[in-house]
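The values are calculated or read from the model by the stated rules, or taken from the named source; none is laboratory data. The structure presented is a predicted model; accordingly, all values stated were derived computationally and were not measured. Cβ: placed from backbone, ideal geometry, glycine included. Neighbour counts: every protein chain shown. The protein model used for the area step is the full one, side chains on, heavy atoms only, and it has no ligands, DNA or RNA in it. Shrake-Rupley method; radii C 1.70, N 1.55, O 1.52, S 1.80 Å.
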Amino acid sequence: MRHKIYRRAAAVFVVLLVFAQMFQVAWNYHMEQVEAAMTGQQTEPEQLTLWYTDEKLNPYLVEAAEEFEEQNHVEITLQLVTAVDYIEHINTASISDLGGPDLFITSSELLEKARLAGLTVENDSFTERELESDFPQQALNAATCGGRLMAYPFYFETCCLLYNKNYVEEAPATIDDILAYADSYEASEQTEKVENIFKWNVADIFSNFFFIANYVNLGGQTGDDPEQVQLTAEEITACLQYYQSLNAFFAIDADEVTTEDVIQEFIDGKTVYTIAKTDAVAAIDKAEDSSCTYGIAQVPDLTSELSTKGLSVTNSVVVNAYSSQRETAKSLARYLTYEKAQDLYSLTDKMPVRLGVEYENPEMNVLLEQYEDSVEVPKLTDLSNYWMEMEIAFANIWRGSDAQTEADAVAQKMMQQLQEQQ
């Protein structure tokens, strides 16, 4: 009898011991979770995937990802993908079993397409004060669709005037001033290298569009309103005719000219004035054996009556609506576009939209001024081929085609496309 009691007591003791061990394991796990919660970490790190199409962003994204991972106990996968059918691929991946990116970087012209595909989440990571004080309105407009801020504005590209300070002391107010300089130009020992007074890539729509940008309306302030599209006006025709007249002065061969050659000739001191994109400044600064001392200015007006504006494209970070880690993705989007923005230009040669970034060359701020006074590429998908059509039109006009006929043909085609979708 006594042995049975001992055996039962032993069995109870074993059971109690097992329960005690289980309780200890559970308690230890609970305390780990409490500690993790207090430190803002999870036992297993969250996983985020970022898609992008420009390999020049690699150094910045790698460094930013490492810093963000260390600070937030997150694992980030960076995926460089093709730009062809970019939004379509994001959508397909997002609805598949494998899943798509938690974030992606895209240009303003694709943002409306992404929103209509259900791939965007509203940017609510900034205070109103931060948005007003730290971002140009141009950037906020570029990241806005359907009346809401749907992306995190990141960096921009625009065009500007570069001039060689070895030959001229300041930028001209108008292209008429450049023509006057050309008329009075006399070669000297100081200007012995000069071959071009004014040269730019007349085959590149980005470098040409400033001629008419002040007089077109590409979807209103945020570029997504089909009711606010204006592609024809007397001033547009006058600007295109002025553009055509410059061929007689500068005789640039549209079939042979390239952006690379234009910038190299400027670096070599062969050109006095040029129209260049934002990235040309970094190319000049990095050029070896360059004796070019340059100035940066906003694109000049054509005449005292015909004004200009630069063209711009803003790239933004978008949080994917299909992401299961939205809040962490929002934090990363903010980090990339705001908290680390100071390092963007030094690592990628790309200009951040964030205000207050310091540059070695103070004239870099002229690029921001140009950006703030630019015309953004529209988000309307029905105008997506406008640039290709206008590039052809500019080329035809440069070669002698009637300016109004070319402009009207493009405008008619675009308006027909818009009407078909209404």
Checklist entry - For labels at residue 128 and residue 363 in the simple 7 Å Cα→Cβ model, what's the distance in nm? => result 4.0 nm
Item to check | Net charge dipole size for the chain [Lys, Arg +1 and Asp, Glu -1 on Cβ; Debye, nearest 20] | outcome: 2940 debye
Item to check | Gained length - residue 326 relative to residue 247, 0.36 nm times residue gap less alpha-carbon distance | outcome: 23.1 nm
Checklist entry - Each label point is 7 Å from the Cα along the Cα-to-Cβ direction; what then is the distance between the points at residue 75 and residue 286, in nm? => result 3.3 nm
Item to check | segment 218-269: GluC sites (Glu not before Pro) in DSSP coil with no more than 14 other Cβ atoms inside 10 Å | outcome: 227, 256
Checklist outcome for this item: In degrees, nearest 10, the alpha-carbon axis of helix 234-250 is tilted away from the dominant principal axis of the alpha carbons of the chain by 70 degrees
Checklist outcome for this item: Counting only protein heavy atoms and leaving out ligands, DNA and RNA, the solvent-accessible surface of residue 56 at a 1.4 Å probe, in Å² to the nearest 10, equals 110 Å²
Checklist outcome for this item: Quick note, segment 307-366: a/c under 1.5 would make it rounded; otherwise a/b > b/c is prolate and the rest oblate (a ≥ b ≥ c, C-alpha gyration tensor); here it is oblate
Checklist entry - Mean separation of Cα pairs under 8 Å and 6+ residues apart, divided by the residue count of segment 209-306: what relative contact order is that in percent? => result 23 percent
Checklist outcome for this item: Read-out percent of Cα pairs over 40 Å apart, candidates [x] 18; [y] 25; [z] 30; calculated match is [z]
Item to check | Over segment 52-122, relative contact order from alpha-carbon pairs under 8 Å, at least 6 apart, % | outcome: 30 percent
Next on the checklist: So if each residue of separation counts as 0.36 nm, and I subtract the Cα-Cα distance between residue 233 and residue 385, what length gain in nm does that give?
Outcome noted: 52.7 nm
Checklist outcome for this item: Among 240, 357, 212, the residue whose Cα sits farthest towards the positive end of the charge dipole of the chain, when +1 is placed on the Cβ of each Lys and Arg and -1 on the Cβ of each Asp and Glu, is 357
Checklist entry - Rounded to the nearest 0.05, what FRET efficiency do residue 47 and residue 307 have when you use their Cβ-Cβ distance and R0 = 56 Å? => result 0.65
Checklist entry - So how exposed is residue 405, as accessible area in Å² (1.4 Å probe, rounded to 10)? => result 90 Å²
Checklist entry - Per-residue ellipticity at 222 nm for the chain, helices alone: DSSP H runs ≥ 4 residues times -39500 (n - 2.57), over residue total, nearest 500 deg cm²/dmol? => result -13000 deg cm²/dmol
Next on the checklist: From Cα pairs below 8 angstrom and at least 6 apart in sequence, can you work out the relative contact order of the chain, rounded to a whole percent?
Outcome noted: 25 percent
Checklist entry - Rounded, prolate or oblate: which fits segment 280-422 when a ≥ b ≥ c are the square roots of the eigenvalues of the alpha-carbon gyration tensor, with rounded for a/c under 1.5 and prolate only if a/b beats b/c? => result oblate
Next on the checklist: Give me the dipole magnitude in Debye, nearest 20, for segment 238-345 about the Cα centre, with unit charges on the beta carbon: positive for Lys and Arg, negative for Asp and Glu.
Outcome noted: 800 debye
